[in-house]
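First the structure, in the form of structure tokens, and then the observations on it.
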Amino acid sequence: MKRCIFTKVKFMALFLFAALMAACTADVYEPKPDPTPTPEPEIPENPIVDIVNSISKSRNLTVNIVDAYDGKYYYTIEAFAGNPAIDERARLLAGQKVNSKVPFNVNISIPDSENEIFIRQTDPFKRKRVYAFPVQDGDMVCNLGSIANTKSSSGSVLRSASYEMPEVDFSPSGATAISGKQQIKTGGKYIVNKDAKLNISSLPGEGNFSLYIKGEAKLTTDYLTLQNNAKIYILSDGELTAGKNNIVLNCVGNAQIAVEKDGSLGDDDDDKKLSLSFTAQSRLINHGDVELNGKKANGNYSLALTSSASIYNDGEMDITGGLSTTDKTNLIVNYGEFDIEKTLMLTNGEIYNACVFETDICDVNGGTIILASYSGFECDKFTAGGLHMYMDAFSIFDCTDDDKDAGVHFTTQTNYISGTSDSPEYALFRANKVILGGWNSVEYSGMLEIECDHHDKNVNYYKLNAPATFAQGQASVEIDEDDCNKNSGNQNPGEGDGDQDPSYEEVETLPYTYLFEDNWPTTGDYDMNDLVLGIQSQLVMDGANNVESMILTVNLIAVGATKTLGAGIQFDRLTTAKITKASVPNGVFANNGYFESANEIESNPSAAVLPLFDDAHRIMGNVDKRVPVNTFNNANDYGIRTLQYEVEFNSPVSSDDLDMFYLNFFIVNGGNAQNRSEVHLAGYKPTDRVKAETNNYVANDPDNSDKTMWGFIIPMSDFKYASEVVSIDQAYPAFKEWSASSGTSQKNWYMNPEEKYVYHKPVKK
């Protein structure tokens, strides 16, 4: 029978003690607890977070996939705290192999500090996508790749306005031939015939004329104004260029320049630079070639748009000196090739792109960019604040230049990148890096796949709305090479012949940190470092997703006590009869008599107990002096001891019975196998062998009037515990507020230590 490994270290709860003052240091040097400590530590008004509400919530998680192979192959589905596509610190919560015939349905525990979970789908050919879903009360259902999940309205946006090329009548019928230095007059209709030349030194202020250019026309004055419904038509083979350096043509008041196919406006002569400025409902319509190399238009650009000005292009636009917009009514529509060297300054303007759009630098302030299907938008450096970008299926945004200053920078003003809601196919947002300026800098949504090697990891700085997804590695959306995406496309066939193995083995899972204060029933110094353990549990599962055996890895990190401490685990939902045998590491017991048997499950009637060790100091190599180990700064570093245990069941058991909610870790600080002193996490029952007079109290029953705790668990493997004789609230200033609020505020208190009060390994010289 095939087996799979399923890590169950998904319990990310925080069981915290509430007495907050470090009033004594008895546990450092006293061999046994003082039954009446003096002074008594200060107990806050709200000394304990409600047990039920402070632990991580266990819920059922269902993940529905879109199976492209109708059950022939297997997908791997994994749930994470953190985004594994961009954050190596993301923590695996649960995983399973699935397809259309095998559903993903597991119990999962999520801490209150997590507002969302991330689901990674690895398809049968090892292509990976990561989705995010908000954490909800109760059971959760996550649908992957379904357009039903999207909040994007890009599909309606793409259809809500007309971006059609305006119709232009290029017929010069009835026009008067003009050439040389002849003057253009208001109300006239003129044509520069083929092989003729016209030098334009002035234009009538009243405007209202039409000029058709079939030959050559040159602008010879530094500043000219085309205004009041005046129109210039550059016909096939016609040319309008600058007759000298740095000429600016200002188009205002419904003025229009239209270029027919094979006609040209401007040229690449550096000695005859031309700039254009459009405002007041004027526009450029290009079917031919436009080359602008000046830098004299509004704000020193080659091309500038202000109030209600627009550009329509299905030819070629080459803007050497940059382009700027200043008004939300400015519109750029592109069905051809649009190339901007230097900077595109998009301020409140709108771009509709249906083919190739390129710029060196793009700086967006409140602008809108719409990418039609199969279109491509390419830049080296992209900075945006208040951007709305709508991407239709198979469109590509590409910002992957290798220069150190390249990449995407979203400022603090929220930006919205949205795929369509009307298609089952994805668009691709591709960048070498994404830098976020602060809280909620960008929101991704709709049918959008993000491929980024270096994306800001702060989950508060970006929002990922399913079905939008991060690619882990190369994006998996298949986009054919096309002239409009400059043949960049995206092809990712994946690896292998398709996954047909139903077994699942989780890798790179992280242990969580358990911390204990050993001085029960006294409060001690509340540094919570008397015993520090890293715990990782793996379940070996059969083909029916039941558990055949459990592998438990225990990292002994620190021993801040001076008394002899042992540790064990009680399986609260399993009896001894359920367990066939237990394998323990050699040399972890010193015959202190804390447990019935040092090498097997205890014969307790209520619940099975696995002894882990009976002398933490001995394991750490400090048995003679019994002084604190790895808790004093600038002291010896004893390293970490890793121990591995295996528990085999006589018949497969439910994974629910081995949820971390029901794995009851405890320490022993005195007594013997029949009458021992135990310290448990709050709300957890003692074993059958606890001292009778302490049975209720030692369990830290949440109904207890005292409400004090001596142990808790932290949902991270590298928790910085307090140094010796430093109380937890001193090491973590936000702890008091968290406790006083019953866990509703400062949920991430454990991630913000006061560095001078936590333990640091000595620096090797």
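The values are calculated or read from the model by the stated rules, or taken from the named source; none is laboratory data. The structure presented is a predicted model; accordingly, all values stated were derived computationally and were not measured. Cβ atoms come from the backbone with ideal geometry, glycine included; neighbour counts cover every protein chain shown.
Some notes on this structure:
- Tally of residues being surrounded by fewer than 22 Cβ atoms within 10 Å (Cβ to Cβ) and in contact (Cβ under 8 Å) with a residue 60 or more places away in the chain across region 399-429: 4
Listed here are the residues, each with its yes/no results for (1) in contact with a helix residue (DSSP H, G or I) (Cβ under 9 Å, 6 or more places away or on another chain); (2) part of a strand (DSSP E or B); (3) touching a residue at least 40 places away in the same chain (Cβ under 8 Å).
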position	(1), (2), (3)
N228	no, no, no
G253	no, no, yes
I257	no, yes, no
D262	no, no, no
D267	no, no, no
K272	no, no, no
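- All of A608, A561, A567 fail the test of being touching a His at 6+ places or on another chain (Cβ under 9 Å) and surrounded by 22 or more Cβ atoms within 10 Å (Cβ to Cβ), apart from A561.
- The combined condition, being assigned to a loop (DSSP other than H, G, I, E, B), at pLDDT 85 or above, touching a His at 6+ places or on another chain (Cβ under 9 Å) and not hydrophobic (A, V, I, L, M, F, W, C), is fulfilled by K720.
- Whichever residue in region 615-667 is over 23 Å from P715 (Cα atoms) and hydroxyl-bearing (S, T, Y) and, among such residues, is modelled with the highest pLDDT: S651
- Scanning region 430-447 for residues that are within 24 Å of N143 (Cβ to Cβ) and surrounded by 20 or more Cβ atoms within 10 Å (Cβ to Cβ) turns up V442, Y444, S445, G446, M447.
- Matching residues, region 751-765, being modelled with pLDDT of 85 or more and either in contact with a Pro (Cβ under 8 Å, 6 or more places away or on another chain) or part of a loop (DSSP other than H, G, I, E, B) (or both): N752, P753, E754, Y759, H760, K761
- Residue count, region 73-118 (criterion: among the acidic types (D, E) and modelled with pLDDT under 90): 3
- Filter result for V168 (modelled with pLDDT of 90 or more, surrounded by fewer than 21 Cβ atoms within 10 Å (Cβ to Cβ) and either within 24 Å of the chain's Cα centre (by Cα) or aliphatic (A, V, I, L, M) (or both)): yes
One line per residue, one yes/no per condition, for (1) basic (K, R); (2) part of a loop (DSSP other than H, G, I, E, B); (3) farther than 26 Å from E341 by Cα; (4) touching a Ser or Thr at 6+ places or on another chain (Cβ under 8 Å):
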| site | (1), (2), (3), (4) |
| --- | --- |
| K185 | yes, yes, yes, no |
| K194 | yes, yes, yes, no |
| E206 | no, yes, yes, yes |
| T225 | no, no, no, no |
| D237 | no, yes, no, no |
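- Of the strands (runs of 3 or more DSSP E) that lie entirely inside region 455-531, those containing 2 or more residues that are out of contact with any Lys or Arg (no Cβ under 7 Å at 6 or more places or on another chain) and over 29 Å from F397 (Cα atoms) span 512-516.
- Total residues in region 463-491, condition more than 15 Å from I119 (Cα to Cα) and in contact with a Phe, Trp or Tyr (Cβ under 7 Å, 6 or more places away or on another chain): 5
- Of the residues making up region 283-315, those that are within 38 Å of the chain's Cα centre (by Cα) and either in a strand (DSSP E or B) or free of Cβ contacts under 8 Å to residues at least 24 places away in the same chain (or both) are Y301, L303, A304, L305, S310, I311, Y312, N313.
- Some residue of region 469-481 being surrounded by fewer than 24 Cβ atoms within 10 Å (Cβ to Cβ), outside the structural domain of T383 (by TED's automatic domain parsing) and free of Cβ contacts under 8 Å to residues at least 12 places away in the same chain: yes
- Residue satisfying condition, being over 28 Å from the mean Cα position of the chain (by Cα) and buried (at least 23 other Cβ atoms within 10 Å of the Cβ), within set T359, T325, T320, T329: T325
- Residue in region 289-301 that is among the hydroxyl-bearing types (S, T, Y), in the same structural domain as I257 (by TED's automatic domain parsing), within 25 Å of E167 (Cβ to Cβ) and buried (at least 20 other Cβ atoms within 10 Å of the Cβ) present: no
- Selection status of V623, touching an Asp or Glu at 6+ places or on another chain (Cβ under 8 Å), surrounded by fewer than 16 Cβ atoms within 10 Å (Cβ to Cβ) and among the aliphatic types (A, V, I, L, M): yes
- Reported count of residues in region 278-327, each being in contact with a Gly (Cβ under 8 Å, 6 or more places away or on another chain) and under 19 Å from N229 (Cα atoms), is 5.
Rundown of residues vs (1) of a type in the set (D, E, K, R); (2) out of contact with any helix residue (DSSP H, G or I) (no Cβ under 8 Å at 6 or more places or on another chain); (3) in the same structural domain as S717 (by TED's automatic domain parsing); (4) in contact (Cβ under 8 Å) with a residue 40 or more places away in the chain, yes/no style:
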site: L556; (1), (2), (3), (4): no, no, yes, yes
site: K578; (1), (2), (3), (4): yes, yes, yes, yes
site: N591; (1), (2), (3), (4): no, yes, yes, no
site: E596; (1), (2), (3), (4): yes, yes, yes, yes
site: G621; (1), (2), (3), (4): no, yes, yes, no
site: R626; (1), (2), (3), (4): yes, no, yes, yes
site: F632; (1), (2), (3), (4): no, yes, yes, yes
site: D637; (1), (2), (3), (4): yes, yes, yes, yes
site: L643; (1), (2), (3), (4): no, no, yes, yes
